Each structure stands twice: as C-alpha cells, then as structure tokens.
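First up is the structure itself, then whatever we jot down about it.
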C-alpha cells in the first residue's frame, strides 16, 4: 500500500485517552476526505480496539502505551492499533450471537469491528499485539 497520508499517536493506557484518539481520527478523516459514514465506522472500530488494547492487552497499566497509526492511500484506509500485551487467540473469542452470550456485557468488540471493516488482521510479537483495520475506499 503506497501511503499517501499518515498520522501516528501514542497514548497512555488510560480509558480517558480513547476520546483523544477518536478526536484525532475524526480530524484525520476529514482532512483526507473520508465520508462521514467511513469516519463513523472507523471511529467505532478504532475506539473498540484501543479500549481492548488498554483493558486486555496492557491490563490498564498506565505505564504502558498504545500506538495508533492512521494511513490512507488512494484505494484504502488503515488504522493500526498496537499494545504491549502478550496477545490472544482471535479464533477463541466467544461468538456473541450464541444464546449463552447474548446478554453478556462484553465480548462483542471484535465481532462489531469485523462487520464494519473489509479486513481485520492480528499480528502477535514478543513486543505486543497489533490489530490492522482495513477499509477499501470507492
């Protein structure tokens, strides 16, 4: 992907930082000409993954950070969210549509993100977990 525009930010693992990420994403989206629908969908997906990075990846440890990178080319937009956590098995996440999971208060994030994006990739290294959200642009 030949990146035309990109922006990177690093936030502390505090839930209060999610709003700052969302604001920067909205600014970036408007600057690069994304539709309001795409900005909204990326906002939902990105805040969900940043929340997961803070809560599950970094275990709410404010000394750890989450890196968020926005990249836009002519044909697609990507958001990359990286934490310092040990990773997880995305295939082992419970299906939120199963009857026993319908009324649980959590467990829908990855499902929702997969519905909003064209592709969601997970990379696990000893440095942490990286989630790549990809949306093709028309």
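Read-outs throughout are calculated quantities, based only on the coordinates presented, and are distinct from any laboratory measurement. Note that the structure is predicted; figures quoted are calculated from it, not measured. Positions of Cβ are backbone-derived with ideal geometry, glycine not excepted, and every protein chain shown enters the neighbour counts.
Structural remarks
- The slack between residue 121 and residue 14, meaning 0.36 nm per residue of separation minus the straight C-alpha distance, is 36.1 nm.
- Cα gyration tensor, the stretch 32-87 - rounded (a/c under 1.5), prolate or oblate: prolate
- Protection proxy ranking, peptides 16-22, 33-39, average beta carbon neighbours within 10 Å, highest first: 16-22, 33-39
- Descending by average beta-carbon neighbour count within 10 Å, the peptides 115-127, 64-76 line up as 64-76, 115-127, the highest first.
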